1. Specify the angular offset, from 0 to 90 degrees and rounded to the nearest 10, of the alpha carbon long axis of helix 586-600 from the longest principal axis of the alpha carbons in the chain.
2. Please report, in debye to the nearest 20, how large the charge dipole of the stretch 6-225 is about its Cα centre when each Lys and Arg carries +1 at its beta carbon and each Asp and Glu carries -1 there.
3. Taking 8 Å as the Cα distance limit and 6 or more residues as the minimum spacing, I'd like the relative contact order of the chain as a percentage.
4. Nearest 20 debye, what's the magnitude of the dipole of the stretch 488-593 about its Cα centre given +1 on Lys and Arg Cβ and -1 on Asp and Glu Cβ?
5. Which value, to two decimals, describes the C-alpha radius of gyration of the stretch 336-544 once divided by 2.2 N^0.38 Å?
6. Order these peptides, 502-514, 194-206, by their mean beta-carbon neighbour count within 10 angstrom, highest first.
7. Hey, what did the stretch 336-544 get for relative contact order, percent, Cα under 8 Å, at least 6 apart?
8. Which whole-Hz ³J(HN,Hα) couplings does the stretch 398-412 yield from phi under the Karplus relation 6.51 cos²θ - 1.76 cosθ + 1.60, θ = phi - 60°, glycine and proline marked x?
Amino acid sequence: MTLPQLDTIAIQALNGLASASSLFLVASGLSIIFGVTRVVNFAHGSFYMLGAYIGFSLTQRLAVLGATGFWLSLLIAAIAVGLIGILIEALILRRLSRAPELYPLLATFGVVLIVQDAALAIWGPEDLLGPRAPGLTGFVNILGSRFPIYELALIVAGPALLLLLLLIFRRTRFGLLVRAATQDREMVGALGIDERRLFSSVFFLGACLAGLGGALQLPREAVNLNMDLSVVVEAFVVVVVGGLGSLVGAYVAAVLIGVIQAFGILFLPKITLVLVFLVMGVVLAVRPYGLFGRVAPAEAPHEAAVERMRPLTSASRLVVALLVAAIAAMPLFAGDYPMGLVTELLILAVFAASLHHLMGLGGMASFGHAAWFGIGAYAAALTLKSLHLPMPIALIGAPLSSAICGLLAGWLCVRLSGVYLAMLSLAVAQIAWAASFQWVELTGGDNGLLGVWPMPALASKGAYLLMTLAISALALAALRVIAFSPFGYALRAARDNAKRAEASGIDVRRAQWTSFVLAAGFAGLAGGLYAFAKGSVFPTYLAIGKSVDALIMVLLGGIGSLSGPVIGAFTFGGLEAELMARLPYWRALLGLVILLIVLVAPTGIAGLFARAFAARKERGGAPA
């Protein structure tokens, strides 16, 4: 391999710094919002995308003003996005201030779906090319190579913004309140500070920064509907690597990641997709709270998040038996489509229940649970196609493979907690996804593995449904038995108060590690079943979207109930399948449904049912 010339190295370094400044604009807003409100704002990428789209429209309208119109358009776009941020905070997130901290994440994902379809309806599906920046359209010569002046301006903008934000937070009363809220929100409220106004101001500032970051991309890249997800994931990586709440950390992490990405294209092109997440994994392994992060003070868990799980009542068992019997009878009267849909929903129920075991019992959030689902799917497919072993062996190999991989990853992940654990799990998932995408000889790359069909006796939709029903029922029953075993109670004790659990003789780290492995194994079982149901396996099975689906199913159903993930899987999976087939703007409607459920039932659908049943029982009078 020939080494790049000096001019190429210099240009790539500058490209990395320019990308770092753009990324810092988005990440700084995300860090500020999380530091004060503790909201994991998944819609921050939507603010970035809206800034680009609104900026594009304004530059077209104000083109008659020349250079003034262009720069004014970017400023107005940023302010408009900030106002949208205030609306979202006031109308949605403020109502969830007492809900478990992951439910605002679910609400912001509903916002993402709505914004995607709104952008599609307003601006269309085509990529939009913005104008060049007036006054910054030329090039400069650097070691004989040309480099855009606009990119140099972005390089300067990054540290200039950092300096401005540091001045605001260290020299103004608003900054003092923000720093105080970052350290102790309850104390700020006790001192008489209007928390609502403070939170709205912080959301406005964070959304403005994201909108400005998107608008500044107009001269650099085309505006498209996929901008939101890609940038929000990188912004989360920057915030976590730098340390939550640290602006200096966010800038240093943005520079580190931007430069590493730029040089990765030169020296390590085959692992470019995974390089950022490898860096994050290494940093969190060495410094669990990021480069400039500090250990956050422990907050008391919300009551809704630790609601006591109860065994099934006699009536509940009867309902479950009737539902199982109804599904088992489907081959007698249903067609292939409904049987295929129910088969998929049963698999998703096991997938969601495996994540609920990790989150509901263990209190460990995961943004990368799809890794174990996808590994199980690939293990089943490769066992069948490459090793030429029968389907039953392939289905056994799926959970075993995921559990073994979970054993290795869990050792590292359970050292962390909160959003750091969630992001490290995301890094693991992205590494697995990149391997499946780029290891073409083994996985087929983006072409996937095809022809993963069940054995002849299970080839019909009805036969495969019955097998899936039997395996899913056993898996869900096993997870329920684990939840009410001594291990399950120990895991819940560690979740509620780790220090007290350790003082009681519970090995918290070992319990959480075991839980991680069990969750990975059950997710792998779901992946193996899914591979045979679809007849193929693709890298998308390990992608971020699949992990987000699992989170939505768990949160929709309710963390405080073992039946919650099953209810959430059938609700979300059924709605997605039906809306996608029938409506052009199905994402917006699905997002509205998610928002409605979150606002009406902040503890999930199962929690809503439980409250309704308790209210009815109370009205009827307590039994003697």
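1. Tilt relative to the chain: about 70 degrees.
2. The dipole magnitude comes to about 600 debye.
3. Computed value for the chain: 20 percent relative contact order.
4. 180
5. For the stretch 336-544, the normalised Cα radius of gyration is 1.03.
6. Taking the mean over residues of other Cβ atoms within 10 Å, the ranking is 194-206, 502-514.
7. 45
8. 4, x, 5, 4, 5, 5, 5, 5, x, 4, 6, 6, x, 4, 7
Every read-out reported here was derived from the displayed coordinates using simple, explicitly stated rules and does not represent laboratory data. Keep in mind the model is a prediction, meaning the values are calculated, not measured. Because the Cβ atoms are built from the backbone with ideal geometry, glycine has one as well, and the counts that use them run over all protein chains shown.
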